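J.: What follows is a structure written as structure tokens; I'll ask about it next.
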Amino acid sequence: MRPFLFYAAVLLLCCAACQQPSTTSGSDKLTVIKGVTLIDGNGGDPMAHVALVFRGDEITAILKEGKDSLPAGATIIDATGKTVMPTLINAHGHLGLLKDTTAVAQNYTPENIVRQLKQYAAYGVGAVLSLGTDQEAIWALRDSSRAGKVPGAVIYTAGYGFGVLNGGPPASFASKVFRPRTPEEAAAAMKQLAPHKPDYVKMWVDDFNGSMPKMTAAIYDTIIKCAHAHGLHVAAHVYYLEDARRLIDNGVDVIAHSIRDKEVSDTLVEAMRSKGVYYIPTLTLDQYSFAYATDSVPWINDPFFKNSLEPGVYEMLTSAAYKAKAKKDKDLQKKIYAFHTAMVNVRKMHAAGVKVCMGTDSGAQLARTQGYSEHLELELMVLAGLTPLQAITCATKNGAAMLHVENETGTLEPGKKASFIILDKNPADNIKNTHTIAQVWINGVQQAR
């Protein structure tokens, strides 16, 4: 399709999506969610018996029931006994790749992206940063999404990431990735990317268990330097401690996966804290990598999980052939070790004051299901040693800060976006209570479920 016709098609899709009866539109009238326990995302204790008041897409007040009067003429939604928390921010996901039992670049269409945004929203994910595997459609969709013209989770994107020639990420699902061979080519590629104003620059610094060539230091140093010169921030896919150390020394802004080969040193942790480097552990990625080799997968028959899967994937995951292949994986023990190392490292990072965010790499592979993975990530953070409220703050306030939109969203306070989840049960008591979703609102608009 010619570029003009392609972008016209994207814009038409955005307009059509706005007209679909998938959401309850916001208005300038005041709306009150009353009778709730409020988790605001700042990390403090939940507030009982409050009312959340918003007009259009903006929170106007948080009222203490029995003390403050509810505004006259407002639309009242009685949610007595329920809990309200901010929508989740997935700081590391991928859009448009999954469809049925395939995860490939050919699935990347505006229609498929919008479908996935709606699924994220149904699971309480209000925003997703798509890290580096996007195609041309993303720029118009991103802008329309941020303007409220596309239903579902709000799009943030790195656009086209930076990988390695004949290396990662696989070209089968990352067809637009830059693969510079020299620092000069890296600088030239950044000049092509920068005018799109990506929300992050993504680069892959990994040899994928020795199976592929790794990006050289000269190239990733150039990517960081040139990105910063254009006013852009950089997130790096890593695995090894030594790579992370050098990236942090040279100014990377986000470590976009766990360090998994070794336990992190106090020196590295302090460097991340002092430099304000964000850490996205993607614990679900590592658990998914070996879970199906075990005799008991705890989520396998949970409807909350099953409903998030693409058609045919449940049958694939529960097949004898899939389990047998997982058990025969020559790297199985290494993957189990990597997961446990990741759990230790996120606990150390968070305890030391490193800014931890919630991200899952959902949408990159069929087992990394969109929606459920974000809730499982919260559970794993708690299993690693965080409290439920600390994990929620990572997935809300910290994610907004990483995306540089903390003045707009991420916490529930007057003047910020009315993006929240209404839950039947309180996740401060049990983090799995984030599964009890009654309603989801994004920017003042109730999302279809």
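The values are calculated or read from the model by the stated rules, or taken from the named source; none is laboratory data. Keep in mind that what you see is a predicted model, and the values were worked out from it rather than measured. Ideal geometry is used to build each Cβ from the backbone, glycine not excepted, and the neighbour counts take in all protein chains shown. For the accessible areas, the whole protein counts, side chains as well, though only heavy atoms, and no ligand, DNA or RNA atoms are used. Shrake-Rupley method; radii C 1.70, N 1.55, O 1.52, S 1.80 Å.
J.: Using +1 on the beta carbon of Lys and Arg, -1 on that of Asp and Glu, and nothing else charged, what's the dipole of region 221-332 about the Cα centre, debye to 20?
T.: Numbers: 13 positive and 16 negative charges, 37 e Å.
Once rounded to the nearest 20, the dipole reads 180 debye.
J.: Just grab the label-to-label distance for Thr109 and Ser172, each label 7 Å out from Cα along the Cβ direction, in nm (one decimal).
T.: Using points 7 Å along Cα→Cβ, the separation is 2.1 nm.
J.: Using a simple spin-label model with points 7 Å from Cα along the Cα→Cβ vector, what separation in nm is obtained for Asp28 and Ala217?
T.: If labels sit at Asp28 and Ala217, their model points lie 6.0 nm apart.
J.: Counting only protein heavy atoms and a 1.4 Å probe, tell me what percentage of region 82-212's accessible area is made up of carbon and sulfur.
T.: About 52 percent, which is the carbon plus sulfur part of the accessible surface.
J.: Report the Cα centroid-to-centroid distance between region 84-104 and region 163-184 in angstrom, as an integer.
T.: 22
J.: Quick check on the chain: what are the equivalent-ellipsoid semi-axes from the Cα gyration tensor, as sqrt(5λ), descending, whole Å?
T.: Computed over the chain, the values are 34, 25, 23 Å.
J.: With springs only between Cα atoms under 10 Å, which of Lys275, Lys397, Lys330 fluctuates most in a Gaussian network model of the chain?
T.: Evaluated over the chain, the most mobile residue of the options is Lys330.
J.: Could you tell me the calculated FRET efficiency between Ile300 and Glu184, based on Cβ-Cβ distance and R0 = 35 angstrom, to the nearest 0.05?
T.: After rounding to 0.05, the efficiency reads 0.10.
J.: Just how far, in whole angstrom, is region 244-258 from region 299-329 if you go by their alpha carbon centroids?
T.: 34
J.: Residue by residue, what Karplus-based ³J(HN,Hα) values in Hz, rounded to whole numbers, does region 283-293 have, using 6.51, -1.76 and 1.60 with θ = phi - 60° and x for Gly and Pro?
T.: In residue order, the calculated couplings are 5, 4, 3, 6, 5, 4, 5, 10, 4, 7, 8 Hz.
J.: Rank Ile224, Ile76, Ile248 by mean-square fluctuation in a GNM of the chain with C-alpha springs under 10 angstrom and give only the top-ranked residue.
T.: The residue that fluctuates most here is Ile76.
J.: Could you check what % of the DSSP bridge pairs in the chain are antiparallel, to the nearest 5?
T.: The antiparallel proportion sits near 50 percent.
J.: On average, how much accessible surface per residue is there in the chain, in Å², for a 1.4 Å probe, leaving out ligands, DNA and RNA?
T.: 40
J.: A 21 angstrom limit on the alpha carbon distance is what I want to check against. Which of Lys202/Lys262; Lys191/Lys275; Lys64/Lys416 exceed it? All intermediate terms of the calculation are to be shown ahead of the outcome.
T.: Details: Lys202/Lys262 23 Å; Lys191/Lys275 26 Å; Lys64/Lys416 18 Å.
As for pairs spanning more than 21 Å Cα to Cα, those are Lys202/Lys262; Lys191/Lys275.
J.: Now for a different question. So for the chain, averaging the separation of alpha carbon pairs under 8 Å that are six or more residues apart and normalising by length, what relative contact order in percent results?
T.: Values: 997 pairs, mean separation 95.7, N = 449.
Dividing the mean separation by the residue count of the chain yields 21 percent.
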